Amino acid sequence: MSLHSKSTFQQLTNWENETRETLLKLESVQQYHTQRNKQCDGPFPNDAVEIVFLGTGAAESSQTRNESSILLRMFDRGNILLDAGSGTYNQLYTKYGEGVEDILVNLKCLWISHKHPDHNQGLLRILRKRQQFLGNKEPLLIIGPKFIKGYINEYSMAEVGQYYYKYIENNNESTEFNDFLNSNFEISAKCILVEHCQDAWGLVLTHKSGWKIVYSGDTRPCQVLIDEGRGCTVLIHDATFLPEDIELAMIKNHSTIDEAVTVGHQMEASYTILTHFSQRLDDIPVQEYRENVIFAFDMMSINLCDLPVLPLLQYPLMDLKDIL
């Protein structure tokens, strides 16, 4: 009885300590909400755009990180999806539940950075589910490398029925993609060839109100991307490897965390969000980097309105995602 009581007491003590630590972290979240209410009258309204990280891992999914995919929610104007690695639909359903139907019905555009499967294997299911919800009322605009168009066509022939989509190859010769974004979102776009595999692209999105989002896709540090993205509001950059793995990063044509942070500095980005982490990384050194560097994790949602106070949340969020 006494051993049982001591064991129970110890368990309760441990639980109390863990609860106290969690509450301290949640205090930071409460401070954030107080600050956020003051900041929302700042440069960007809270209905400008929300960046939702559906997958932040490299190569293949793990228990904590799905393959690459980022949702740009433009609220009543619709949604844009950047890359669609395997499991992207599952991630959308996990986040939005039955609301996933509304997300896909209002998905206007899917942009694919390059041909590697961890950036596009979830594309067909997105197409299939969207068509299930919407029918053939509005084709999904897909922008991507030439390889992906053939990939969709081959699967279309193997299945009953056809996918309802319109495909534009990634390049800067056609104005169709830019015209579409201008018409639907008041955004201008520029696709940038980056240093990864053949036909790999980065993307620069500029809204008429002034905000600019740059997505590197997979790449080594790329001077053309730096020049085109200069002064951006948010840079989302490949950070596959730790700094000490620079040789491996060069062989694989990816960036280290240090290199991605440097790119953000050279680009004069207001905020740099790191993603596409190697699944071999057990511990990401968040504390070593400056306040405008943010380490993405799956299901993290960032409203542009939140950017000025986001550094306050970086550490508690990284801890809470493990606790909860």
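The values are calculated or read from the model by the stated rules, or taken from the named source; none is laboratory data. On a predicted model such as this, the values are computed, not experimentally measured, just so you know. Please note: Cβ atoms are built from the backbone with ideal geometry, for glycine as well, and neighbour counts cover all protein chains shown. Note: areas computed on protein heavy atoms with side chains; ligands, DNA, RNA excluded. Shrake-Rupley method; radii C 1.70, N 1.55, O 1.52, S 1.80 Å.
Specify which of the listed residues (Glu159, Glu228) is modelled with pLDDT of 90 or more and open to solvent by 40 Å² or more (accessible area, probe 1.4 Å). Full working, then the answer.
On the way: Glu159 fails: modelled with pLDDT of 90 or more.
Answer to the selection: Glu228.
Filter the range 94-106 down to the residues that are more than 20 Å from His119 (Cβ to Cβ) and in contact with a helix residue (DSSP H, G or I) (Cβ under 6 Å, 6 or more places away or on another chain), then identify the one that is least open to solvent (accessible area, probe 1.4 Å).
Within the range 94-106, the first condition is being more than 20 Å from His119 (Cβ to Cβ), and the residues that meet it are 96-102, 105-106.
Now restrict to residues that are in contact with a helix residue (DSSP H, G or I) (Cβ under 6 Å, 6 or more places away or on another chain): 96, 100-101, 105.
Details: Tyr96: 53, Val100: 3, Glu101: 85, Val105: 40 Å².
For the range 94-106, the residue satisfying everything is Val100.
(1) open to solvent by less than 10 Å² (accessible area, probe 1.4 Å); (2) at pLDDT 95 or above; (3) in contact with a helix residue (DSSP H, G or I) (Cβ under 6 Å, 6 or more places away or on another chain): which one isn't true of Thr219, the others all being true?
All conditions pass for Thr219, except number (3).
Can you confirm whether the range 237-245 contains a residue that is within 23 Å of Pro145 (Cβ to Cβ), more than 15 Å from the chain's Cα centre (by Cα) and of a type in the set (S, T, N, Q)? Before you say what the answer is, go through the steps one by one.
The initial filter retains those residues of the range 237-245 that are within 23 Å of Pro145 (Cβ to Cβ), namely 237-240.
After this cut, where a residue has to be more than 15 Å from the chain's Cα centre (by Cα) as well, the list is none.
No: zero hits.
Of the conditions (1) of a type outside the set (S, T, N, Q); (2) at pLDDT 95 or above; (3) surrounded by fewer than 16 Cβ atoms within 10 Å (Cβ to Cβ), Lys212 satisfies every one except a single condition; which number is it?
(3)
I'm checking my understanding of the structure. Among residues of the range 44-71 that are open to solvent by less than 30 Å² (accessible area, probe 1.4 Å) and over 16 Å from Gly122 (Cβ atoms), which one is modelled with the lowest pLDDT? Reasoning before the result, please.
The initial filter retains those residues of the range 44-71 that are open to solvent by less than 30 Å² (accessible area, probe 1.4 Å), namely 48-49, 51-58, 65-71.
Right, trim to over 16 Å from Gly122 (Cβ atoms) and you get 48-49, 51.
Numbers: Ala48: 86, Val49: 94, Ile51: 97.
Per the criteria, the residue is Ala48.
Just to be sure before I move on: is Val29 within 30 Å of Ile257 (Cβ to Cβ), part of a strand (DSSP E or B) and either modelled with pLDDT under 90 or in contact with a Lys or Arg (Cβ under 7 Å, 6 or more places away or on another chain) (or both) in the structure I sent?
no
Which is within 20 Å of the chain's Cα centre (by Cα), free of Cβ contacts under 8 Å to residues at least 24 places away in the same chain, over 20 Å from Ile51 (Cα atoms) and surrounded by 15 or more Cβ atoms within 10 Å (Cβ to Cβ), of Thr206, Thr256?
Checking each option against the conditions leaves just Thr256.
Taking the range 168-185 on its own, how many of its residues are touching a residue at least 24 places away in the same chain (Cβ under 8 Å) and either open to solvent by 20 Å² or more (accessible area, probe 1.4 Å) or under 16 Å from Pro139 (Cβ atoms) (or both)?
Keep residues of the range 168-185 that are touching a residue at least 24 places away in the same chain (Cβ under 8 Å), which gives 168-170, 177, 180-181, 184-185.
With the extra rule that they be either open to solvent by 20 Å² or more (accessible area, probe 1.4 Å) or under 16 Å from Pro139 (Cβ atoms) (or both), the set shrinks to 168-169, 177, 180-181, 184.
Qualifying residue count for the region: 6.
Consider the range 259-279. How many of its residues are assigned to a loop (DSSP other than H, G, I, E, B) and surrounded by fewer than 23 Cβ atoms within 10 Å (Cβ to Cβ)?
In the first step, residues of the range 259-279 are kept if they are assigned to a loop (DSSP other than H, G, I, E, B); the result is 268-270, 276, 278-279.
Right, trim to surrounded by fewer than 23 Cβ atoms within 10 Å (Cβ to Cβ) and you get 268, 270, 278-279.
Going through the range 259-279 one residue at a time, the tally reaches 4.
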